[in-house]
Structure formats: C-alpha cells, structure tokens
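Only one structure is covered here, and it is reproduced in the block below.
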Amino acid sequence: MDIRNIYSDIQKHAPDEILENILQTDQFKIERIISRGHATAQGEWYDQDKNEWVLVLKGNAGLLFEGSDETVTMKTGDYINIPAHQKHRVEWTDPEEETIWLAVHY
C-alpha cells in the first residue's frame, strides 16, 4: 500500500497550473489541481465531456459559467458539481497562496 498526503510536494511558484492524476478508471478520474494566481486564458472556456465535482481544499478562486455575468467565489471547503458540457472558466485564483482543488470527473 502506498500512503500519500494531498498536501505534500506542493510547488510554491509553478509557472502553470499543476494537474496531477490521483486515481483513474474507465468510469472516473480523481485529480489534484494546484493553482496560484492562475486563471483560464481570456476568451477560453472549459467544455468537458464528463461531469466534474470539484472541492477547494485550500485557498480561494472565482468561477464563471457561460450565460452568467456573476463570478462564483469558492473558498476552502466549498464544492460544486459541474454538469458535462456546462461551459465554465476560472476567473482567478489567490495570488498569495496556493489554491488546492480536488476534482472528480465522472
């Protein structure tokens, strides 16, 4: 058995957002995402083929969903289920500390 810690091996100043697969099967994928001041490129949207349940383990972020002008603020402990093909983008993540996400794609 390999025991790991979700908060270990966090790079402090990565130029890009870090996406790490934790577990993957044919039905789902669990990943850790580490952001620090990262955002989706202007004019781009995520449009995923699978549902995504996402939890902010640490930090803060703002999500924008297509068709809405209001950014949804997420803070430590907040989670949301994003249906497949619901276009969304990360407007901002905290530039002062890492935002650590746990995402389940199913």
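Among the numbered criteria (1) within 11 Å of the chain's Cα centre (by Cα); (2) farther than 21 Å from His105 by Cβ, which single criterion is violated by Ala14?
Of the numbered conditions (1) within 11 Å of the chain's Cα centre (by Cα); (2) farther than 21 Å from His105 by Cβ, the odd one out for Ala14 is (1).
Just a yes or no: is a residue in segment 31-45 closer than 19 Å to Glu97 by Cβ, free of Cβ contacts under 8 Å to residues at least 40 places away in the same chain and touching a strand residue (DSSP E or B) at 6+ places or on another chain (Cβ under 8 Å)? Working first, answer last.
Filtering segment 31-45 for residues closer than 19 Å to Glu97 by Cβ gives 32-39.
Subsequent filtering for residues that are free of Cβ contacts under 8 Å to residues at least 40 places away in the same chain retains none.
Within segment 31-45 (the criterion being closer than 19 Å to Glu97 by Cβ, free of Cβ contacts under 8 Å to residues at least 40 places away in the same chain and touching a strand residue (DSSP E or B) at 6+ places or on another chain (Cβ under 8 Å)), the answer is no, since none of the residues qualifies.
Every number here is computed from the coordinates shown, using simple stated rules; none is lab data. Note that the structure is a prediction, hence the values are computed from the model and not measured. No Cβ is skipped: glycine too gets one built from the backbone with ideal geometry, and neighbour counts run over all protein chains shown.
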